[in-house]
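The values are calculated or read from the model by the stated rules, or taken from the named source; none is laboratory data. These numbers come from a predicted model, not from an experiment. Because the Cβ atoms are built from the backbone with ideal geometry, glycine has one as well, and the counts that use them run over all protein chains shown. Ligands, DNA and RNA are excluded from the accessible area calculation, which covers all protein heavy atoms including side chains. Shrake-Rupley method; radii C 1.70, N 1.55, O 1.52, S 1.80 Å.
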Amino acid sequence: MRSMVEKRLGATHPRMTIMSGPTREADFADLVDDPAPAHVAREPRPGAPLRGYSHSVEIGQVRMVHGAAAMLAMSVLADSGIEHSRGQYHNPAMFTPLVSSTLSILASLDGAARSETSAHPLRLASYGIAMVVGLVGTAFHVHNITKKPGGFSWENLFYQAPIGAPAALSLSGLLGLAAEGIRDEKPGESPKLLGLPAAPALAGLTALGLLGTTAEVSLLHFRGNFQNPLMYLPVALPPIAAALTAEAALRPHKRPRPQAKLWLGITAALGVAGVAAHAYGTHRYSGGWKNWRQNLVDGPPIPAPPAFSGLALAGFAALALLERHGDD
Amino acid sequence: MSSDPFERPRAADGRAPDVFKMGGWIPMRQNRDGDEVDFAIVGTGAGGGTLAARLAEKGFSVVAFDAGPYFRPLEDFASDETAQEKLYWNDPRVVEGADPIVMGGKNSGKTVGGSMVHFAMVSLRFRPEWFKSRSTLGYGADWPIGWEEMWRYYDQVEKDLSISGPINYPWGPPRPRYPYRPHPLNAAAEVLARGCEAMGMKWTPTPLATVSAPRGEAHPCVYRGFCRFGCSTNAKQSTLNTYIPRAIRAGAEIRDLAMVGRIETDARDRATGVHYHRDGRWRFQKARNVIVAGYAVESPRLLLNSATDRHRHGLANGSGLVGKYLMTQPNQAVYGKSKDEIRWNKGPPSLAITEHWNYDDRKDFDGGYCWMGQGPLPIEWAKTVTASRGIWGDELRLAMQDYNYQVGVKMVGECMPSEANTVTLADQKDRYGLPVAKVTFGWSDNDKALIRHALDQMEMSLEAAGVTDLFRQEEDANHLGGTVRMGDDRRTSVVDADCRSWDVPNLFVCDGSVFPTVGGVNPSLTIQAIALRTADRIEQLAARGDI
Ligand SMILES: Cc1cc2nc3c(=O)[nH]c(=O)nc-3n(C[C@H](O)[C@H](O)[C@H](O)COP(=O)(O)OP(=O)(O)OC[C@H]3O[C@@H](n4cnc5c(N)ncnc54)[C@H](O)[C@@H]3O)c2cc1C
Ligand code: SF4
């Protein structure tokens with residue numbers, strides 16, 4: 001919020017930047033020449049709303065959701081980069097997620113850096129592409145499994161192209177679109193995501209994303225036989241955050257949700273701790289870190305766990321939005 | 001780099017090699033020759049190594065001898081087929097009969113850990129009926145143990161080895177989930193699977209004794225396919241890196257490079273200890289009980305070499321059956337060429353299997369068989385191509401260029417026990433001055449019918465999977481069994497259900513030689529299950545003063 005005030009006032013009245021409004025007589029004197037002093041800015045002018053201000057409050061959430069989209073896209077980029085190069089890009093389509101996730105990251109960085117008040121078509125396009133590529137990828141991966149001997153067997157779910165991975169790209173796209181939706185808020189209306197009220201939709205999306213990610217982790221940690229008890233954590237804990245976020249989506253009242261925040265915080269931390277755990281796991285492969293070129297590919301995927309942190313970030317944004325836009 | 005494992009014993013001076021650490025050691029309790037230990041065990045393979053661990057864990061004092069060296073997997077196992085011949089029992093043996101068995105790498109190891117150090121890790125349970133094949137299926141002989149009891153010991157050994165197996169095993173009565181998840185299929189395994197699916201047969205990822213995820217200090221499998229030449233990552237769960245370290249931790253002593261030449265017995269027909277050769281001289285270890293676990297050739301040989309005036313035909317040989325009923329498993333194969341690259345050497349050789357013909361009795365011969373994927377390394381493959389197709393020189397060189405496109409399946413079948421197939425003593429002596437084993441073998445008509453059936457079926461399956469240029473490897477055999485068979489009648493068997501000699505009550509034989517029948521699956525899991533059972537039985541016998 002302050003940054004917006006700064007922008008308006010900073011150039012001519014540097015001192016004002018530390019003040020929330022005129023408080024002393026001398027200050028009012030200073031403000032005489034100012035075309036839009038801070039205290040005036042509080043009152044939206046009829047017919048020409050000061051959209052900048054209303055956004056100034058939510059740009060934080062917009063950034064968070066862009067951040068979430070970026071984190072998921074980075075996970076996808078790193079993961080599909082490793083997995084598809086292991087598959088030697090035998091199908092040129094295997095480059096698509098790399099391109100799309102890169103676009104999604106760029107869009108997110110751009111989106112997070114800008115405080116503009118409307119959605120940008122290029123960002124929208126990047127996110128749209130991510131959504132579609134993720135969907136197509138999922139279909140591809142499912143198709144690949146059905147072609148293998150054994151079809152939809154546990155073994156193919158363990159080792160064939162993972163069904164959940166492309167979905168993460170779609171999720172990144174959806175989150176990006178959510179960020180754009182919030183940014184594009186019309187005055188007096190609560191923001192929308194694909195036509196739905198953005199706050200509960202984002203909460204719902206987060207909950208689904210968390211559950212989907214947990215399902216994939218469960219499958220892969222089962223494949224790894226939960227050989228280290230820590231492997232149970234990302235199976236056991238994120239569903240709690242998912243449940244609390246889902247509750248917020250289903251009952252979108254305007255109220256603080258400290259429990260949900262706590263568990264989202266734990267989930268976010270889990271994503272970071274997961275990187276360390278996977279790095280430790282990599283060391284248990286033959287040759288350990290000295291043999292990193294092989295073990296980065298064969299060992300537990302180091303870039304995967306932050307997907308949880310990204311989703312938690314989206315969850316935080318959803319909760320913050322609900323606190324403002326939730327039902328009374 | 002550690003010292004040469006063949007030069008002098010490594011398990012000495014109160015320590016033994018730590019197989020998980022380069023140059024590492026673990027403390028080991030040692031006994032003097034004059035100390036009368038509870039058990040002297042000859043051989044540290046599937047039978048002996050497993051027993052050493054369980055008996056030591058039950059509080060018995062144990063010394064286990066192995067003629068072979070104590071390898072350090074991380075250092076001693078080279079990715080070199082020829083160098084790794086050092087794992088095998090290559091000491092001289094005389095082979096004869098209608099179908100002489102090729103001895104050595106195909107069937108016998110000589111290292112601490114036994115043949116499991118270079119086994120292919122296929123870990124299968126017997127079909128339940130095989131424990132009573134005479135009474136339920138009408139051939140072979142009944143075991144003195146029932147399948148339900150064995151099922152419990154299979155559970156235990158599968159846990160101890162962290163077998164990586166399929167979520168659901170398609171044949172036989174339910175079994176608990178395998179401790180580790182199955183390995184991914186390689187292309188060769190996929191061909192097997194497609195062939196089976198085309199023929200309407202079930203197939204499954206093979207339960208393997210190599211871990212698909214880290215286990216303790218063992219790394220997960222890296223799929224380089226050197227399994228039969230010594231696994232240098234410790235992914236393979238052999239006796240060497242499972243039961244042997246457990247045995248030492250529990251107080252057992254392992255003696256490597258220690259060849260047992262003779263079991264001593266007294267006038268009361270009780271074993272009193274073993275004569276063994278170590279550090280260039282013969283020594284004698286006193287023991288209250290002796291367990292022989294040298295596998296189906298060396299175990300009968302040792303019993304025969306331990307003859308005395310009171311046991312003229314060899315120790316424990318009142319029945320006259322020591323060395324008789326030798327079995328080896330048919331190991332024929334069909335190979336061909338795929339249009340896609342296969343690279344069959346990548347990964348453990350047998351990642352997929354079908355046991356269809358072990359469980360389907362609609363055939364006109366006795367016994368069953370399974371077949372599994374294959375991945376011979378180049379030298380072995382060149383030998384197979386020359387032997388089976390008779391090609392040499394330039395033609396062979398050209399054929400070898402197809403190596404990465406080659407694919408095939410190999411059977412493990414049930415050989416009928418026949419009294420005519422034997423291990424006896426030859427006139428020749430080995431480097432210790434001990435008479436070597438003479439191995440006499442010929443396939444029965446039933447065996448031949450089974451092999452024909454299997455070759456036809458395997459060929460059809462490969463054809464159905466689109467493999468071309470097919471050819472058969474008609475002569476091959478692997479795992480051994482029989483020669484010291486167990487039973488519940490002292491006239492028709494050498495040991496009882498507890499692997500205890502009928503004649504010498506403190507002498508046990510516990511390894512692949514006690515099998516009355518071999519079934520149509522690889523034997524080591526069954527050997528280890530028997531060893532676990534024997535350890536429990538010994539504990540019970542000891543508790544009631546019967547030992
Ligand atoms: C190449 C190969 C692949 C195989 N693959 C499989 C497989 O995939 N699945 C499966 O189930 N089985 C497999 N087997 C078979 C399996 O390894 C054996 O059946 C099993 O190890 C036999 O156990 P054992 O205890 O009877 O004898 P071993 O494990 O052979 O142990 C016998 C030990 O006794 C020692 N010994 C013998 N005589 C003396 C003596 N007089 N003094 C001192 N020491 C002595 C030997 O040095 C040896 O180390 C394979 C075998 C080979 C050779
Ligand atoms: S393929 Fe696996 S089990 Fe075989 S030698 Fe290599 S690491 Fe060991």
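Can you go through B:Ala209, B:Ala247, B:Ala189, B:Ala252 and tell me which one is at pLDDT 95 or above and within 27 Å of B:Glu341 (Cβ to Cβ)?
On the way: B:Ala209 fails: within 27 Å of B:Glu341 (Cβ to Cβ); B:Ala247 fails: within 27 Å of B:Glu341 (Cβ to Cβ); B:Ala252 fails: within 27 Å of B:Glu341 (Cβ to Cβ).
Sole residue among the options that is at pLDDT 95 or above and within 27 Å of B:Glu341 (Cβ to Cβ): B:Ala189.
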Within segment B:370-383, can one find any residue that is away from ligand 2 (no atom under 16 Å from the Cβ), in a loop (DSSP other than H, G, I, E, B) and either modelled with pLDDT of 95 or more or touching a strand residue (DSSP E or B) at 6+ places or on another chain (Cβ under 8 Å) (or both)? no
Look at B:Gly225 and say whether it is in a loop (DSSP other than H, G, I, E, B), more than 9 Å from every other protein chain (Cβ to nearest Cβ) and more than 16 Å from ligand 1 (Cβ to nearest atom). no
Sort out for me the helices (runs of 4 or more DSSP H) sitting completely within segment A:248-328 that have 3 or more residues that are modelled with pLDDT under 95, more than 14 Å from chain B (Cβ to nearest Cβ) and surrounded by fewer than 21 Cβ atoms within 10 Å (Cβ to Cβ). A:306-325
Please determine whether any residue of segment B:325-344 is within 16 Å of ligand 2 (Cβ to nearest atom), within 14 Å of chain A (Cβ to nearest Cβ) and outside any loop (DSSP other than H, G, I, E, B). no
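Results for (1) within 8 Å of another protein chain (Cβ to nearest Cβ); (2) buried (at least 24 other Cβ atoms within 10 Å of the Cβ); (3) closer than 25 Å to B:Ala465 by Cα, shown as yes or no for each residue.
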| site | (1), (2), (3) |
| --- | --- |
| B:Pro176 | no, no, no |
| B:Pro179 | yes, no, no |
| B:Leu192 | no, yes, yes |
| B:Thr210 | no, yes, no |
| B:Cys221 | no, yes, no |
Out of all the residues in segment B:389-404, is one or more of a type in the set (Val, Ile, Thr) and not in a strand (DSSP E or B)? yes
I'm trying to understand the selection: among the residues of segment B:218-255, which are more than 20 Å from the chain's Cα centre (by Cα), within 15 Å of ligand 2 (Cβ to nearest atom) and not polar (S, T, N, Q)? B:Ala218, B:His219, B:Pro220, B:Cys221, B:Val222, B:Tyr223, B:Arg224
Report yes if some residue within segment A:148-170 is among the basic types (Lys, Arg), farther than 29 Å from A:His84 by Cα, open to solvent by 30 Å² or more (accessible area, probe 1.4 Å) and outside any helix (DSSP H, G or I); otherwise report no. no
Filter segment B:186-212 for residues that are within 16 Å of ligand 1 (Cβ to nearest atom) and either in a helix (DSSP H, G or I) or small (Gly, Ala, Ser) (or both) and give the result. B:Ala188, B:Ala189, B:Leu192, B:Ala209
Evaluate segment B:300-312: report whether one residue or more is in contact with a His (Cβ under 9 Å, 6 or more places away or on another chain) and free of Cβ contacts under 8 Å to residues at least 12 places away in the same chain. yes
When B:Lys159 is evaluated against the numbered criteria (1) in a helix (DSSP H, G or I); (2) closer than 23 Å to B:Ala293 by Cβ; (3) away from chain A (no Cβ under 14 Å), which criterion, by number, is the only one it fails? (3)
Sole residue being within 16 Å of ligand 2 (Cβ to nearest atom), modelled with pLDDT of 95 or more and open to solvent by 30 Å² or more (accessible area, probe 1.4 Å), chosen from B:Phe60, B:Phe71, B:Phe20: B:Phe20
Look through segment B:124-142, keep the residues that are out of contact with any Ser or Thr (no Cβ under 7 Å at 6 or more places or on another chain) and within 16 Å of ligand 1 (Cβ to nearest atom), and return whichever of them is nearest to B:Gly105 (Cα to Cα). B:Leu124
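Would you mention how many residues in segment B:512-522 are near ligand 1 (Cβ under 7 Å from one of its atoms) and open to solvent by less than 10 Å² (accessible area, probe 1.4 Å)? Give the steps one after another, and end with the answer.
Restricting attention to segment B:512-522, the residues satisfying the condition of being near ligand 1 (Cβ under 7 Å from one of its atoms) are B:512-513, B:522.
Cutting the leftovers down to open to solvent by less than 10 Å² (accessible area, probe 1.4 Å) gives us B:512-513.
Selection size over segment B:512-522: 2.
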Restricting the search to segment B:228-241, which residues are in contact with a strand residue (DSSP E or B) (Cβ under 9 Å, 6 or more places away or on another chain) and either more than 13 Å from ligand 1 (Cβ to nearest atom) or of a type in the set (Lys, Arg) (or both)? B:Thr233, B:Asn234, B:Ala235, B:Lys236, B:Asn241
